[in-house]
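What follows is a short report on a single structure.
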Amino acid sequence: MQEPNDVGERPIMAELIESAAGTDSGPWRSRASHVGAIYTMSYSSAVVALFDYDREQAGGLPKNSFLMAAKPVGDGSFTLLRVLREARLPSAATNDQTRQESIEDTGNETPWSANMPAWVRDKMSLHALECSVLGTFIEEEEGSFRFAEDIANYYAVNELMAWKPDAASLELIVNHQHRTNDIGLGHNAVPVGRTRFAAAETSAAVNVDFRIDPTDILKRRTAYFGMSRSGKSNGIKILAESIYRLRGPNPQHRIGQLIFDLSGEYAQDNFQDGKGLHRVHEALEFPRGEEVATYGLIRVDWDPDRVVMKLNFYGDPLPRTWTNPSDTVEAERALEQLLAGKVIVKELMAGTSSLYTTAFRDVDLTPEPSAAGDYGAQTRYHRAILAYRTALYATGLTKLTWEPSIRAPGQGSLFSKELIAALGPAQNAGNNNLHRYHQAATILEASKNDQHRITWDQLVSVFEALALFVDDRQSGFVQFERNYISDRKGEAWADPRFRSVLRIFESRNGPRSFQSAQDQHDPSTTSDFAEAIVDDLRAGKLVVVDQSAGDPEYNKAAAERVMWQLFNSQQARFREAAATQDPTKPPNPDRATDGHVIVYIEEAHNLLPRANAQDNLTSVWARSAKEGSKLNMGMVLATQAPSSVMPEILSETDN
């Protein structure tokens, strides 16, 4: 009988496997560490049987490490596997019983395997690993490989063995350029980091530099996964700087880059990196204004050029009238920020369920081209906008420098003498709200006599009274509305849009449902920051959006607004290019990067839809992931919680 051997001695069965494998079986087979045999295999997974000795000789097999499966003799092709978890062989139950008996025999005084016969230890050291099948590296000519993301076949009885990659093989696996991009700039890959499959791996572990060709990020989805402090941000910084440097040899290769910076490490200097990425222009000695733009929720002394991401929720004064449909553009321009703020208000009120809040939340305030030249339609629209602005004031948003007015298009009032009379005591005798209606009538009459001037506080009183008035079946509004409809052939004074806005005044708590909008409001803002960001990206700038301050929900809503603006802009550019492209002319290499943008999403689990979110396929993130390639949009996301990100986005990941 053989003497007991340590794990480091060669198991009897392992020697048999090695002799079957042969010794002269191809370049990588002679370099890589043989670890075992394929026990069973399918299109998606494989089980590898291996001995403790081979695992030790290979320097360990960490979870998530790669294995190469191939026949003992053949060309350089191999199936790529990734270690997932341990697997149980049919002998596992017997081994467990033997293990328990050995422990009982030793009384835990000595290692339980010390007194076993060598052949028993050999058998018990055989165990298994479950692996995922990642694809196939196919050798097309010596030293030249292509990668296929599947396998062509498998057999129940196979001759496949498994190897742990050596340095050269690992280099091929992690740095193989699977699908080349059509940008064609020919730049070299840049090192991003080194491979590491376990935090506990020794200094003798095989690892190689991991490199990325910057142009392979364009039009594609790239993901950085890893624990906190594992280097995700550093990898993104290297990548973003490499893409920025493409303009060095050729100034026309300006690729717009947008970084949602949740921790502020890109938008400001820090003690770890020294200069932040916002100084990337200094590497090429270019002026900052033409190269870099930073945005944030608050002003900071050390970044005087930063654009504050706030909106004037009130917008600008509406034009008094608009005659032609083209004039509607002027109305839209005046309300540009109001309509953008309305989107944010809707997001802030997403959780509300009361009828008076949902009607206000979902109302559409976009000006209608059909109102051009129609004074009645314009009057109703002015009235709805005035009611909405009054609701903003009632919420607590800092008021505008200009005072409101109830002047209608032309020279009249938004509130006619007939309405004022209907609010008066004569038509509301005995009504419980008589005093409130009369007060509103008095305010409107005084304003009419004072060139239509009125204050925001007075408007709050008026609209609170009107909210009761139009739904009060015992009020003077019933007869007023009947007469109004009769005079205007079926057209109501309180149209659905006005009624929806008015409902927010039914309760004093109504405007409070979006009170947090104050943090995003600045009456001095003159433009929409989302449009400004897209303009900067079109100019090829590196744009950093500092989201380290502010409410998380607002950061999420602001990011979505910017993404929708960018997505729609890229769609428009795609249509323009398709309409003007001449298929008879070859593409100009100097214009290879025209229209390309890349979006970096730090801490992506905070911005992207959750895996179980409703309607997540219609979100801008999902659409950008699925349609971004044809729109020349690249996406790079980094997260320590990949399982929380919706699978539809992860499934589109290229790198």
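What the table below lists for this structure:
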quantity	calculated
Hydrodynamic radius by Kirkwood, which averages 1/r over all alpha carbon pairs of region 78-140, in angstrom	14.2 Å
Under 19 Å from the Cα of LYS541 - lysines, other chains or at least 8 residues apart	LYS219, LYS237, LYS275
Amide hydrogen neighbours beyond the local backbone of ILE212, cut-off 5 Å, H modeled	VAL190, VAL192
Ranked PHE415, PHE313, criterion: other C-beta atoms within 10 Å, fewest first	PHE415, PHE313
Under the Karplus curve 6.51 cos²θ - 1.76 cosθ + 1.60, θ = phi - 60°, whole-Hz ³J(HN,Hα) for region 334-342, x wherever Gly or Pro sits	5, 9, 3, 6, 4, 5, 5, x, 4
Rg(Cα) / (2.2 N^0.38 Å) computed for region 12-175, rounded to two decimals	1.13
Per-residue Cβ neighbour rank within 10 angstrom, fewest leading, THR106, THR580	THR580, THR106
Exposure proxy ranking, count of Cβ atoms within 10 Å, fewest first, for HIS278, HIS176, HIS438	HIS176, HIS438, HIS278
Under the Karplus curve 6.51 cos²θ - 1.76 cosθ + 1.60, θ = phi - 60°, whole-Hz ³J(HN,Hα) for region 525-532, x wherever Gly or Pro sits	5, 10, 8, 7, 5, 5, 5, 5
Value of relative contact order over region 374-465, rounded to a whole percent, pairs C-alpha under 8 Å and six or more apart	33 percent
Phi to ³J(HN,Hα) by Karplus 6.51 cos²θ - 1.76 cosθ + 1.60 over region 57-70, Hz, x for Gly, Pro	5, 7, x, x, 10, x, 4, 6, 6, 8, 10, 10, 10, 6
Share of Cα-Cα pairs in region 325-520 lying beyond 28 Å, as whole percent	24 percent
Reachable lysines from LYS489, criterion Cα separation under 24 angstrom, eight or more residues apart if same chain	LYS417
Alpha-carbon centroids, region 470-494 and region 100-147: separation in whole Å	85 Å
Extension gain (nm, one decimal) between ASP364 and ARG320, 0.36 nm per residue minus Cα-Cα	13.8 nm
Charge dipole (the chain, unit charges on Cβ, about Cα centre) - positive-most of TYR393, PHE480, MET635	PHE480
Rg(Cα) / (2.2 N^0.38 Å) computed for region 525-579, rounded to two decimals	1.28
Computed Kirkwood radius, in angstrom, where 1/r is averaged over Cα pairs of region 222-266	12.0 Å
Those residues of region 362-378 whose amide nitrogen sits under 19 Å from the label point placed on ILE485, 7 Å along Cα→Cβ	377
Amide hydrogen neighbours beyond the local backbone of TYR39, cut-off 5 Å, H modeled	VAL47, VAL48, ALA49
Hits among lysines - C-alpha to C-alpha of LYS342 under 19 Å, sequence gap 8 or more where chains match	LYS310, LYS399, LYS556
Around GLY193: net Lys/Arg minus Asp/Glu count, Cβ-Cβ under 10 Å	+3
Share of Cα-Cα pairs in the chain lying beyond 34 Å, as whole percent	60 percent
GLN474/GLU330 FRET efficiency (R0 45 Å; Cβ-Cβ; nearest 0.05)	0.60
Extended-chain gain in nm, criterion 0.36 nm per residue less alpha-carbon gap, SER30 and ALA446	140.0 nm
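Here, each number is a calculation from the coordinates, and none is a lab measurement. These numbers were taken from a predicted model, which means no experiment stands behind them. Because the Cβ atoms are built from the backbone with ideal geometry, glycine has one as well, and the counts that use them run over all protein chains shown.
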